[in-house]
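The values are calculated or read from the model by the stated rules, or taken from the named source; none is laboratory data. These figures come from a predicted structure and were not determined experimentally. FYI the Cβ positions are ideal-geometry reconstructions off the backbone, even for glycines, and counts take in every protein chain you see.
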Amino acid sequence: MAKKSFPTGWIIFGVVVLFLLAIVGWVISSYNGLITLSENVDNQWAKVETQYQRRMDLIPNLVSTVKGYAKQEEKIFTEVTALRSQWGNAKTTEQKVGVANQMEGALSRLMVIVENYPQLKSNENFLALQDELAGTENRVAVERSRYNDEVRNYNVMKKRFPTVILANLFGFGDKTYFEAAEGAQNAPAVSFE
């Protein structure tokens, strides 16, 4: 009795089908991975924006409290108010980062002004607002750090071979890191004219 052999054509066909299924599986897995990482970046940016919004909501109360003591410091109050409006009008992540960096400088100058008014530093409302703002600044720093971690995870995945081919094919671009404003390492200069 002769043994029946499997036709060679079917074996080749089976190998090709398995190879195509493996490629399709990889494409689906990689695409879904990029989507997940991209959404993680967007979600983390939303958390950063939430903390920035918290900061923007605290600022009018802080400015009002300081204004009562430092009427001649109108320039910084105008700047803080203008930056708060710019934040509301900013549409892109880059615009919001720019306004946030400017606001940090303005808040630093505002705190320097506070140093010139000892009676303000003992005001309960001011102390409570200052504590809230300090807590918010810490939250902003933590969320920005987490955002940069998510951006790094996404960008690394996107740039790895062979995922880079798929990322370019489907138009996945790099995400932008949050970077400190130029000169942020220097203390703000405040002049009392």
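Does any residue of the stretch 31-40 turn out to be free of Cβ contacts under 8 Å to residues at least 40 places away in the same chain, within 16 Å of the chain's Cα centre (by Cα) and more than 18 Å from Asn138 (Cβ to Cβ)? Lay out the reasoning, then the answer.
The first filter runs over the stretch 31-40 and keeps only residues free of Cβ contacts under 8 Å to residues at least 40 places away in the same chain, leaving 32, 35-36, 39.
Okay, now just the ones that are also within 16 Å of the chain's Cα centre (by Cα), so 39.
The next check asks that each one be more than 18 Å from Asn138 (Cβ to Cβ); those that pass are 39.
Checking the stretch 31-40: at least one residue is free of Cβ contacts under 8 Å to residues at least 40 places away in the same chain, within 16 Å of the chain's Cα centre (by Cα) and more than 18 Å from Asn138 (Cβ to Cβ).
Considering every residue within the stretch 121-133, establish whether at least one is of a type in the set (Gly, Ala, Ser), at pLDDT below 90 and in a helix (DSSP H, G or I).
If we filter the stretch 121-133 for residues that are of a type in the set (Gly, Ala, Ser), which is where we start, we get 122, 128.
Next, from what is left, pick out any that are at pLDDT below 90: 122, 128.
Keeping just the survivors that are in a helix (DSSP H, G or I) gives 128.
Scanning the stretch 121-133 turns up at least one residue that is of a type in the set (Gly, Ala, Ser), at pLDDT below 90 and in a helix (DSSP H, G or I).
Is there a residue in the stretch 21-40 that is modelled with pLDDT of 90 or more, among the aromatic types (Phe, Trp, Tyr) and surrounded by fewer than 11 Cβ atoms within 10 Å (Cβ to Cβ)?
Within the stretch 21-40, none of the residues are modelled with pLDDT of 90 or more, among the aromatic types (Phe, Trp, Tyr) and surrounded by fewer than 11 Cβ atoms within 10 Å (Cβ to Cβ).
Could you list, ordered by first residue, the pairs with Cβ atoms under 7 Å in which the first is in the stretch 47-68 and under 21 Å from Asn148 (Cβ atoms) and the second is buried (at least 22 other Cβ atoms within 10 Å of the Cβ) and among the small types (Gly, Ala, Ser), at least 6 apart or interchain?
Tyr52/Ala100
Going by what's in this entry, would Ala167 be described as touching a helix residue (DSSP H, G or I) at 6+ places or on another chain (Cβ under 8 Å) and of a type in the set (A, V, I, L, M, F, W, C)? First the steps, then the outcome.
Numbers: touching a helix residue (DSSP H, G or I) at 6+ places or on another chain (Cβ under 8 Å): yes; of a type in the set (A, V, I, L, M, F, W, C): yes.
When the stated conditions are applied, Ala167 passes them.
So is Ala167 crowded, with 18+ Cβ neighbours inside 10 Å and either under 26 Å from Thr92 (Cβ atoms) or over 12 Å from the mean Cα position of the chain (by Cα) (or both) or not? Before the answer, list the steps.
Values: crowded, with 18+ Cβ neighbours inside 10 Å: yes; either under 26 Å from Thr92 (Cβ atoms) or over 12 Å from the mean Cα position of the chain (by Cα) (or both): yes.
When the stated conditions are applied, Ala167 passes them.
Give the stretch 134-164 a look and list any residue that's under 30 Å from Val24 (Cα atoms), in a helix (DSSP H, G or I) and over 14 Å from the mean Cα position of the chain (by Cα), or say none.
Our first condition is that a residue be under 30 Å from Val24 (Cα atoms); within the stretch 134-164, this holds for 149-164.
Those still in the list that are in a helix (DSSP H, G or I) too: 149-159, 163-164.
Hits for the stretch 134-164 are Asn155, Val156, Met157, Lys158, Lys159, Thr163, Val164.
So how many residues does the stretch 71-100 have that are surrounded by fewer than 18 Cβ atoms within 10 Å (Cβ to Cβ) and modelled with pLDDT of 80 or more?
First, the residues of the stretch 71-100 that are surrounded by fewer than 18 Cβ atoms within 10 Å (Cβ to Cβ): 71-72, 74-75, 78-79, 81-82, 85-86, 88-95, 98.
When the remaining residues are screened for being modelled with pLDDT of 80 or more, the result is 78-79, 81-82, 85-86, 88-95, 98.
The qualifying residues number 15.
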